[in-house]
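We did not get these values from a lab; they are worked out from the coordinates using the rules stated. Quick caveat: nothing in here was measured; it's all calculated off a predicted structure. Cβ coordinates were reconstructed from backbone atoms using ideal geometry, including for glycine residues, and neighbour counts include every protein chain displayed.
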Amino acid sequence: MSKEKFLYSETTDCIQIEAAPFYIPERSSPVDNYFFYAYTIKITNHGQQKIQLLSRSWLIRNGKKEENEVRGEGVVGEKPFIEPGESYQYTSFCPITTSTGNMRGKFKFKNEADLDFWVPIPVFFLRKPETFFPQVHA
């Protein structure tokens, strides 16, 4: 069982994409404007056909609204097949130059009929944990 708490979820065409971002302070250097985030993505196939993840396309935006687009084959060096009722999960990372940002994107899949289709990845926010709750001042 995963320790991740999936905060963001979207289901499109029977494919559920969940995202759990987290801040890694020991790999960050705020004085150098370097904030290291990681994220776990879980893909669940609620459909009736086996699918294969072929590629990804990300739009990464920092707190200054500067955007960076990242495209590539597969994820973490893999192009996994996901059977009906099964899930695939991976963790990757994204350093940015501001303490906050967000990511959104899409995955390209192929089904058993050899048809390609895209599934959106829900937007998720890159934030240090202390920014989620207001600070109480005594």
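Which of the residue pairs Lys5/Lys50; Lys65/Lys128; Lys65/Lys110 have a Cα-Cα distance greater than 29 Å in the structure shown?
Beyond 29 Å between Cα atoms: Lys65/Lys110.
Just want the ordering: Lys50, Lys110, from fewest to most Cβ atoms lying within 10 Å of their own Cβ.
Lys50, Lys110
To make sure I understand, if each residue's beta carbon is the centre and we count other beta carbons within 10 Å, what order do Tyr37, Tyr8 fall in, fewest to most?
By the 10 Å Cβ count, ascending, the order reads Tyr8, Tyr37.
Starting from the Kirkwood radius over alpha-carbon pairs of the stretch 26-113, derive D by Stokes-Einstein at 10 °C in a medium of 1.306 mPa s and give it in µm² s⁻¹.
Translational diffusion coefficient: 110 µm²/s.
Express the relative contact order of the chain as a whole percentage, based on alpha carbon pairs under 8 Å and six or more residues apart in sequence.
Relative contact order for the chain comes out at 27 percent.
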